[in-house]
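Worksheet: the structure to be examined is printed underneath.
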Amino acid sequence: TTEIYTLSLHDALPICQVPWDFSFSSAPWARDWASAKAAEIVNEILGRSAELCRDSFGNFVIREVLEHGLPAHRSKVAKALRQNILQIAKSRHGSHIVEKALWHCEAEDTLAIGNALMSGKESLLKLAESDFGCHVIRALAFSKQHSSLVMSNLSRMGPELRNSRHGRRLLDLLSELK
């Protein structure tokens with residue numbers, strides 16, 4: 001478990017070195033997220049967080065930042081997510097990041113993410129019909145800040161949701177939560 005692998009993206013540019021299980025918490029410099037070494041690496045990561053959210057390996061790095069990073073780190077990830085929230089939330093790896101952000105970010109960031117996701121009926125419907133976006137809606141439905149609004153929007157969109165497999169699952173969730 002002490003082997004180090006270099007996590008590279010697209011142009012084989014090393015982003016950072018992480019243990020094989022992608023756990024920053026076991027890296028010596030990451031025991032103190034405020035250390036100079038951690039700050040240097042995390043800032044480099046956060047500069048590319050929108051790209052890393054959808055990457056098959058990079059998403060694990062962003063998850064770790066959301067779970068264990070400083071509030072300022074989580075806020076930077078949330079800001080990057082909001083710039084392209086629908087595309088990220090509908091992607092295989094990005095949907096996990098949005099869910100983690102809803103659980104781990106500060107209240108104002110989760111509110112902004114939720115508002116961006118529910119900005120209109122069209123965006124909510126696109127998420128509901130998406131393979132991975134429906135998981136994000138489920139996370140919104142279980143969040144304290146967004147639950148009632150999501151549930152009322154899903155109820156109003158019932159006829160449209162019945163046309164897709166994922167929409168029907170969300171309607172089943174709605175009936176379970178009532």
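The values are calculated or read from the model by the stated rules, or taken from the named source; none is laboratory data. Remember, it's a predicted structure, so these values are computed and weren't measured experimentally. We place every Cβ from the backbone using ideal geometry, glycine too, and count neighbours over all the protein chains shown. Keep in mind that these areas ignore ligands, DNA and RNA; they rest on the heavy atoms of the full protein, side chains included. Shrake-Rupley method; radii C 1.70, N 1.55, O 1.52, S 1.80 Å.
Which residue, of Glu160, Glu99, Glu108, is loosely packed, with under 12 Cβ neighbours inside 10 Å, of a type in the set (Asp, Glu) and either part of a helix (DSSP H, G or I) or in contact with a strand residue (DSSP E or B) (Cβ under 9 Å, 6 or more places away or on another chain) (or both)? Give the derivation first.
Details: Glu160 fails: loosely packed, with under 12 Cβ neighbours inside 10 Å; Glu99 fails: loosely packed, with under 12 Cβ neighbours inside 10 Å.
From the options Glu160, Glu99, Glu108, the qualifying one is Glu108.
Does the range 104-115 contain at least one residue that is at pLDDT below 90, over 30 Å from Ala38 (Cβ atoms) and not aliphatic (A, V, I, L, M)?
There is no residue in the range 104-115 that is at pLDDT below 90, over 30 Å from Ala38 (Cβ atoms) and not aliphatic (A, V, I, L, M).
Check the range 128-140 and report whether any residue there is of a type outside the set (Ser, Thr, Tyr), under 12 Å from Ser75 (Cα atoms), surrounded by 20 or more Cβ atoms within 10 Å (Cβ to Cβ) and in contact with a Lys or Arg (Cβ under 6 Å, 6 or more places away or on another chain).
No, the range 128-140 contains no residue that is of a type outside the set (Ser, Thr, Tyr), under 12 Å from Ser75 (Cα atoms), surrounded by 20 or more Cβ atoms within 10 Å (Cβ to Cβ) and in contact with a Lys or Arg (Cβ under 6 Å, 6 or more places away or on another chain).
Please pick out the residue among Ile137, Ile113 that is closer than 19 Å to Leu46 by Cα and either out of contact with any strand residue (DSSP E or B) (no Cβ under 7 Å at 6 or more places or on another chain) or in a helix (DSSP H, G or I) (or both).
It is Ile113.
What's the number of the condition Pro71 fails, among (1) open to solvent by 60 Å² or more (accessible area, probe 1.4 Å); (2) farther than 23 Å from Ala38 by Cα?
Among (1) open to solvent by 60 Å² or more (accessible area, probe 1.4 Å); (2) farther than 23 Å from Ala38 by Cα, Pro71 violates only (2).
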